[in-house]
Amino acid sequence: MSAPEVHHLFHNPIADHSFSADRQTLAIARDTTVELYGRVGNAFKLKDELKGHDKTVTSIDIAPNSGRIVTCSQDRNALVWEPTPQGYKPTLVLLRINRAATFVRWSPNETKFAVGSGDRLIAICYFEEENDWWVSKHLKKPIRSTITTVGWHPNSVLLAAGSTDAHARVLSSFIKGVDARPEPTAWGERLPFNTICGEYLNNSAGWIHSVAFSPSGDALAFAAHDSSITVVYPSAPEQPPKAVISINTQLLPFMSLIWNGEAEIIAAGYDCEAFRFKGGINGWQLSGTVEAKSRPGLSEEREESALNMFKQMDLKGKVKDNTQLKTIHQNTITTLRPYETSGDAVTKFSSSGVDGRIVIWNV
Amino acid sequence: MSIIQQITADDLTDNWRRINIDALDPDSSLNFPTSSLHPPQPEISESDCRNLSSAVRQLLRGGDAEGALRTCLENPVYNGPDGVKEQHLGTVVEVLQSIKASEMSPLLKRVYEGEGGVELLDCLMKYLYKGMGSPGAGSGGVKVMTPQTTGFSQIGGGRNISSGDSTGSAMSVLLSWHEKVVEVAGLGCIGRVMTDFRRV
């Protein structure tokens, strides 16, 4: 396993990051702007800044096929940035919310995107040809609190959402005229807009930080603030699920999780490193960390001169500065994303966090 | 009629500024039903709690400290009057005090690895924090139930032991348990206790 690729971009938190499909462009949400980095050799160089939001940008997503970038911000707006020969052209989306927008993701077919918000609703946005703008429809019931995260089902109709009311929900975002009637799944058969296909409460009432459907869409995983991840296997529409497996860990809470095939989940958060979970419908367990602890450069300890040692003791009262964490990320990881996939399996994934680093990991 | 005449004394005061308008807004977070954050819990009455604590004491007398602790933690009082909650806390602290320091870690490990062990240790952690938060209640129960296990009783026999001393000893027991529970169940356990709406 080769060493992960580390890019320390700046000393600010990265709220969210997204790679273009060719992995040559990296979009970063940094404070109120969106920064676009281009790959130059082994490094990423700043090549463009998208300014359009006047409060913190909370989330960003690049559609892999169309290359459109969608961003959302605490200024209650979402912008779709259309790539043109003259650069990116922003279009304002009519979200109709009066609290911050917290999270945005394109649907897999790229005709819609979902914006979570503090207004206790999810705006499902789609393009209306006749008016030539992006409009939204609201998923409102039964959300009781801020939406922190959303995740799309592969069929682009079902949407999972995590909220600060300790519930992960599966809802239908079917929009007439935009979506074709989806194949029936274990989650539901008839799926008019705002159908609730599943509602799962976290045991300790922790906020839900991340939700993700498995590659097949037949299982849902979510991470909550009680340091747990939960995997739900639905049985049939309107029936209680086949299995709800909750793993409470000894670790700090996870902020983000991704599936690697159907039998592995990678999750990362406040422990500043990624962990693997392995299992299936019969049970899941924590199987270890992604980061190899014995990589070169970490254990190398320079021989200190006696003079230097006493100098350090005099200056700081200790010989060694151990403010460095043993992990690559030096602060909370907030986003994980698949970087390179083969079929359903993830071969590389990227992480970003509060320390301003982007790390590309080999699975 | 001029507008000025219509102003009453009420309008001239700023009482209207003190109306908590958030309470009137059904969508406000003030009106968030926290009962939606946990499944309904069975209500436990005083007699239930008394039966439980005598069962626990029986186990303790039989030398089955682990069983006693398990019984306590499997039946937490989430829903009940404050008195009953305090009473159960007293039972838990009594069990904790009867277990020797050298037995703590192996016992906790066995509980953690057993069925539903994570949940049980989370529950224990809730009682540890509750005990620390209300030293009077915890040690009060202790004083009645365990007549001085510390060995200081003879020394202090002459003078009246101040409640501060016994509070301190109860607290040190709770603190050493806290340390051991974190060793076994990790920091995640503390996080779960903090987020949980099921309060003991």
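The values are calculated or read from the model by the stated rules, or taken from the named source; none is laboratory data. Note that the structure is a prediction, hence the values are computed from the model and not measured. Reconstructed Cβ throughout: ideal geometry from the backbone, glycine too, with neighbour counts over all protein chains shown.
Tell me which residues, restricted to segment A:126-160, are among the charged types (D, E, K, R) and within 14 Å of chain B (Cβ to nearest Cβ). Before the answer, list the steps.
Residues of segment A:126-160 among the charged types (D, E, K, R): A:128-130, A:132, A:137, A:140-141, A:144.
Answer for segment A:126-160, where residues must be among the charged types (D, E, K, R) and within 14 Å of chain B (Cβ to nearest Cβ): A:Lys140, A:Lys141, A:Arg144.
Answer with yes or no whether B:Ala185 is closer than 28 Å to A:Asn248 by Cα, exposed (fewer than 12 other Cβ atoms within 10 Å of the Cβ) and modelled with pLDDT of 90 or more.
On the way: closer than 28 Å to A:Asn248 by Cα: yes; exposed (fewer than 12 other Cβ atoms within 10 Å of the Cβ): no; modelled with pLDDT of 90 or more: yes.
No: the conditions fail for B:Ala185.
Do we find that A:Lys141 is of a type in the set (D, E, K, R) and touching a Cys at 6+ places or on another chain (Cβ under 8 Å) in this structure? Please lay out each step first, then the result.
Numbers: of a type in the set (D, E, K, R): yes; touching a Cys at 6+ places or on another chain (Cβ under 8 Å): no.
So A:Lys141 fails the test.
Give the residues of segment A:151-160 that are part of a loop (DSSP other than H, G, I, E, B) and of a type in the set (A, V, I, L, M, F, W, C), sorted by residue number. Give the derivation first.
Initial filter on segment A:151-160 (part of a loop (DSSP other than H, G, I, E, B)): A:153-157.
A:Val157 - this is the single residue of segment A:151-160 that is part of a loop (DSSP other than H, G, I, E, B) and of a type in the set (A, V, I, L, M, F, W, C).
In the set A:Thr32, A:Thr58, A:Thr71, which member is touching a strand residue (DSSP E or B) at 6+ places or on another chain (Cβ under 9 Å), surrounded by fewer than 22 Cβ atoms within 10 Å (Cβ to Cβ) and among the β-branched types (Val, Ile, Thr)?
On the way: A:Thr58 fails: surrounded by fewer than 22 Cβ atoms within 10 Å (Cβ to Cβ); A:Thr71 fails: surrounded by fewer than 22 Cβ atoms within 10 Å (Cβ to Cβ).
Result: A:Thr32 is the single residue among A:Thr32, A:Thr58, A:Thr71 that is touching a strand residue (DSSP E or B) at 6+ places or on another chain (Cβ under 9 Å), surrounded by fewer than 22 Cβ atoms within 10 Å (Cβ to Cβ) and among the β-branched types (Val, Ile, Thr).
Is there any pair linking a residue in segment A:329-346 that is under 22 Å from A:Ala21 (Cβ atoms) to one that is outside any loop (DSSP other than H, G, I, E, B) and basic (Lys, Arg), with Cβ under 8 Å and at least six apart or on different chains, and which?
These pairs meet every condition: A:Pro338/A:Lys348; A:Tyr339/A:Lys348; A:Glu340/A:Lys348.
Restricting segment B:164-181 to residues that are farther than 25 Å from A:His225 by Cα and surrounded by fewer than 20 Cβ atoms within 10 Å (Cβ to Cβ), which is nearest to the other protein chains (Cβ to nearest Cβ)? Steps first, answer last, please.
Quick first cut of segment B:164-181, residues farther than 25 Å from A:His225 by Cα only: B:164-174, B:176.
Retained after the next criterion (residues that are surrounded by fewer than 20 Cβ atoms within 10 Å (Cβ to Cβ)): B:164-165, B:167-169, B:171-172, B:176.
Working: B:Gly164: 34, B:Asp165: 35, B:Thr167: 29, B:Gly168: 30, B:Ser169: 29, B:Met171: 25, B:Ser172: 25, B:Ser176: 19 Å.
Among them, the one singled out is B:Ser176.
Please note which strands (runs of 3 or more DSSP E) are completely contained in segment A:161-241 and include at least 1 residues that are closer than 22 Å to A:Arg144 by Cβ, over 17 Å from the mean Cα position of the chain (by Cα) and within 14 Å of chain B (Cβ to nearest Cβ). Can you show your working first?
Values: elements: A:167-172, A:196-201, A:208-213, A:220-224, A:228-233.
Once the strands (runs of 3 or more DSSP E) in segment A:161-241 are filtered for at least 1 residues that are closer than 22 Å to A:Arg144 by Cβ, over 17 Å from the mean Cα position of the chain (by Cα) and within 14 Å of chain B (Cβ to nearest Cβ), what remains is A:167-172, A:196-201.
If I filter segment B:20-63 down to residues being within 14 Å of chain A (Cβ to nearest Cβ), free of Cβ contacts under 8 Å to residues at least 40 places away in the same chain and assigned to a helix (DSSP H, G or I), which single residue comes out as surrounded by the fewest Cβ atoms within 10 Å (Cβ to Cβ)?
We begin by selecting, within segment B:20-63, every residue within 14 Å of chain A (Cβ to nearest Cβ); these are B:25-41.
Narrowing the set further to residues that are free of Cβ contacts under 8 Å to residues at least 40 places away in the same chain leaves B:25-33, B:35-36, B:39-40.
Add one more test, that the residue is assigned to a helix (DSSP H, G or I), and what stays is B:29-31, B:35-36.
Values: B:Ser29: 12, B:Leu30: 12, B:Asn31: 11, B:Ser35: 9, B:Ser36: 16.
So the residue we want is B:Ser35.
Given the residues A:Pro13, A:Pro85, A:Pro64, A:Pro4, which is the only one that is over 20 Å from A:Thr335 (Cα atoms) and not polar (S, T, N, Q)? First the steps, then the outcome.
Details: A:Pro13 fails: over 20 Å from A:Thr335 (Cα atoms); A:Pro64 fails: over 20 Å from A:Thr335 (Cα atoms); A:Pro4 fails: over 20 Å from A:Thr335 (Cα atoms).
Answer to the selection: A:Pro85.
Determine, yes or no, whether B:Leu69 is within 22 Å of B:Ser176 (Cβ to Cβ), within 16 Å of the chain's Cα centre (by Cα) and part of a helix (DSSP H, G or I). Walk me through it before giving the result.
Numbers: within 22 Å of B:Ser176 (Cβ to Cβ): yes; within 16 Å of the chain's Cα centre (by Cα): yes; part of a helix (DSSP H, G or I): yes.
For B:Leu69, the condition - within 22 Å of B:Ser176 (Cβ to Cβ), within 16 Å of the chain's Cα centre (by Cα) and part of a helix (DSSP H, G or I) - is met.
For (1) at pLDDT below 95; (2) assigned to a strand (DSSP E or B); (3) under 22 Å from A:His8 (Cβ atoms), each residue gets a yes or a no:
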residue: A:Lys278; (1), (2), (3): no, yes, no
residue: A:Glu300; (1), (2), (3): yes, no, yes
residue: A:Leu307; (1), (2), (3): yes, no, no
residue: A:Leu315; (1), (2), (3): yes, no, no
residue: A:Arg337; (1), (2), (3): no, yes, yes
residue: A:Ser350; (1), (2), (3): no, yes, yes
residue: A:Val359; (1), (2), (3): no, yes, yes
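Which residues, taken from segment B:182-197, are more than 8 Å from every other protein chain (Cβ to nearest Cβ) and basic (Lys, Arg)?
Listed by number, the list is empty, since nothing qualifies.
Answer yes or no: is there a residue in segment A:262-269 that is within 14 Å of chain B (Cβ to nearest Cβ), closer than 21 Å to B:Gly191 by Cβ and touching a residue at least 40 places away in the same chain (Cβ under 8 Å). Step through it out loud before you land on a result.
Start the filter on segment A:262-269 by keeping residues that are within 14 Å of chain B (Cβ to nearest Cβ), which leaves A:267, A:269.
Next, from what is left, pick out any that are closer than 21 Å to B:Gly191 by Cβ: A:267, A:269.
Subsequent filtering for residues that are touching a residue at least 40 places away in the same chain (Cβ under 8 Å) retains A:267, A:269.
Within segment A:262-269 (the criterion being within 14 Å of chain B (Cβ to nearest Cβ), closer than 21 Å to B:Gly191 by Cβ and touching a residue at least 40 places away in the same chain (Cβ under 8 Å)), the answer is yes, since at least one residue qualifies.
Taking the residues in segment A:317-335 that are part of a strand (DSSP E or B) and hydroxyl-bearing (Ser, Thr, Tyr) as candidates, determine which candidate is farthest from A:Trp152 (Cα to Cα).
Pass one, segment A:317-335, residues part of a strand (DSSP E or B): A:333-335.
Those still in the list that are hydroxyl-bearing (Ser, Thr, Tyr) too: A:334-335.
Values: A:Thr334: 18, A:Thr335: 16 Å.
Checking each candidate, the answer is A:Thr334.
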